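A.B. asks: Provided herewith is a single structure, encoded as structure tokens, for subsequent inquiry.
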Amino acid sequence: QVQLVESGGGLVPAGGSLRLSCAASGRTFSSYTMAWFRQAPGKERAIVAQISRSADSTFYAGSVKGRFTISRDNAKNLVYLQMNSLKPEDTAVYYCAATSSAYTILPFQYNYWGQGTQVTVSS
């Protein structure tokens, strides 16, 4: 069982930066693939970035590649999403998620979800 709590969202002007954090409970954090998803109003939840259990592999959605960076600290049970050069289209609720699968970008294959944190980018 894993509980996830996101923080770090807020309102930022276009071109600005934010860092989201996700704190995980449990002693088996390093056994989970972690990801950030986002959901904008009227749109489906979609993956933003994923990081493997040992942080040796990452995946980014094309729309954020080169601007966002996902990282994790297994000793502290934390996952981060550094977001730079933010655009108004990045506005969404961002969710941290965990899966016991080795690799998947499909939301339904993620077992655990945080409550979400709102990111709003003003133009």
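What follows draws every value from the coordinates through simple rules; no lab data is involved. Keep in mind that what you see is a predicted model, and the values were worked out from it rather than measured.
A.B. asks: Enumerate the lysines that residue 43 could reach by cross-link, defined here as Cα to Cα under 24 Å, with residues fewer than 8 away along the same chain left out.
C.D. replies: 65, 87
A.B. asks: Then there's this: I'd like the Karplus ³J(HN,Hα) series for the stretch 14-30: coefficients 6.51, -1.76, 1.60, θ = phi - 60°, whole numbers in Hz, and an x wherever there's a Gly or Pro.
C.D. replies: 3J(HN,Hα) across the stretch 14-30, in whole Hz: 4, x, x, 10, 9, 10, 8, 10, 9, 9, 10, 8, x, 9, 10, 4, 5.
A.B. asks: If I take the Cα coordinates of the chain and project them onto the principal axes, what are the three extents in Å, biggest first?
C.D. replies: Ordered largest first, the chain gives principal extents of 41, 27, 24 Å.
A.B. asks: Now a separate question. I'd like the distance between the alpha-carbon centres of the stretch 1-76 and the stretch 79-114, rounded to an integer number of Å.
C.D. replies: With the stretch 1-76 and the stretch 79-114 each reduced to a Cα centre, they are spaced 5 Å.
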